[in-house]
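Report on one structure; see the data block that follows.
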Amino acid sequence: MRLLIIEDEKSLSMALKELFVCEGFLVDTAFNGADGLDNALSGIYDIIILDVTLPKMNGIEVLKEIRRNNITSAVLMLTAKSQTDDKITGLKSGADDYLTKPFATEELIARVWALSRRKSMEYVTETLRYADIELDRTHHELKKDGKGIKLSSKEYQLMEILMLNKENVVKRDYCISKIWGYESDIEYNSTDVYISFLRKKLNALKSRAKIKSVRGIGYSLGENE
């Protein structure tokens, strides 16, 4: 699960990042509304923790822009305000949950895990299909005619991105940020390694599906003619 924390109190933001990294999340941070919105609009995050009171853009403005751009990340609002009106405004603007500062870290963790379970249910209830292959999102297998090949975690994430964007070019930077995170120091050509692994598995299945490289941009999933 990918998590974005948009919080201007840096000490709190970094403490939350450390907390959720220990919980197994991949975490990025932003310290103002404008930067947070820029990150959020990438569409790579499963969950966003969003403070209401932010410099440059407040949290409600950020949230409205996120939803206006059809970003479906689950959003948990944080605020020092406790008035009912503020909660209603946040929920009406598209927030999925709301927590008032100060809060118990145990409650925040529990709420984020509850949101993550909702997102997981969206994924595991589907089988992605393209050409003559299927991606089993429950068992992380690539299948053709009943024959399956197990995918590693990174292979699965990359194949899922390609199948969700079938026949469209997916930028290499997007793949890196979605799988490894903006703050990762992974080598730029690492995606090429996993693309090579996936091509070998498609060949092993004798699939018509083909991963094409778009020079200097990224990759697309298409069919052999």
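The values are calculated or read from the model by the stated rules, or taken from the named source; none is laboratory data. Everything quoted here is computed from the prediction, not taken from an experiment. Cβ placement follows ideal geometry from the backbone for every residue including glycine, while neighbour counts extend to all protein chains displayed. Calculation scope for accessible area: heavy atoms of the full protein, side chains included, ligands and nucleic acids excluded. Shrake-Rupley method; radii C 1.70, N 1.55, O 1.52, S 1.80 Å.
If each residue of separation counts as 0.36 nm, what is the full-extension length gain between A114 and S213 once their alpha-carbon separation is subtracted? Mind showing how you got there, number by number?
On the way: separation 99, 0.36 × 99 = 35.64 nm, distance 3.77 nm.
31.9 nm is the gain from fully extending A114 to S213.
Rounded to the nearest 20 debye, what is the charge dipole size of the chain about its Cα centre when +1 sits on each Lys and Arg Cβ and -1 on each Asp and Glu Cβ?
Numbers: 34 positive and 35 negative charges, 199 e Å.
Here the size comes out at about 960 debye.
Once every Cα of segment 23-83 carries one equal point scatterer and solvent is ignored, give the base-10 log of I(q)/I(0) from the Debye formula at q = 0.15, 0.29, 0.30 Å⁻¹, two decimals.
Evaluating at q = 0.15, 0.29, 0.30 Å⁻¹ gives log10 I(q)/I(0) of -0.41, -1.38, -1.44.
Run the 1.4 Å probe and let me know the accessible area of R117, rounded to the nearest 10 Å².
Approximately 150 Å² of R117 is accessible to the 1.4 Å probe.
Which value in nm describes the separation of the simple spin-label points at A204 and A15, placed 7 Å from the Cα toward the beta carbon?
So the label points at A204 and A15 sit 4.7 nm apart.
What Rg and what Dmax come out for the chain when only alpha-carbon atoms are used, in angstroms?
Radius of gyration, then largest Cα-Cα span, for the chain: 19.2, 61 Å.
What angle do you read, to the nearest 10 degrees and between 0 and 90, between the alpha-carbon axis of helix 153-164 and the longest principal axis of the chain?
Once rounded, one gets 90 degrees.
Using only Cα atoms, find the angle between the long axis of helix 59-68 and the longest principal axis of the chain, and express it within 0 to 90 degrees, rounded to the nearest 10.
Taking Cα atoms only, the helix is inclined about 30 degrees.
With a 10 Å cut-off between alpha carbons and a GNM built on the chain, which of D97, D192, D46 moves the most?
D192
Determine how large the accessible area of T100 is when every protein chain is in place; take a 1.4 Å probe and give Å² rounded to the nearest 10.
40 Å²
Under 12 Å from a point placed 7 Å out from the Cα of K171 along the Cα-to-Cβ direction: which residues of segment 26-47 have their backbone N that close?
In segment 26-47, the label zone of K171 (backbone N under 12 Å from the point 7 Å along Cα→Cβ) covers 39, 41-44.
How big is D, in µm² s⁻¹, for segment 134-225 by Stokes-Einstein at 25 °C and 0.890 mPa s if Rh is the Kirkwood radius over C-alpha pairs?
On the way: Rh = 13.4 Å.
Result for D is 183 µm²/s.
Which residue, G59, G181, G43, tops the fluctuation ranking in a GNM of the chain built on C-alpha contacts under 10 Å?
G43
Over 21 Å between Cα atoms, which of K10/K64; K64/K87; K150/K171 qualify? Walk me through the numbers before you get to the answer.
Values: K10/K64 24 Å; K64/K87 14 Å; K150/K171 25 Å.
Over 21 Å apart, Cα to Cα: K10/K64; K150/K171.
Once segment 22-148 is represented by equal point scatterers at the alpha-carbon sites, with solvent omitted, what log10 I(q)/I(0) does the Debye formula produce at q = 0.09 Å⁻¹?
With no solvent term, the Cα-only Debye profile gives -0.33.
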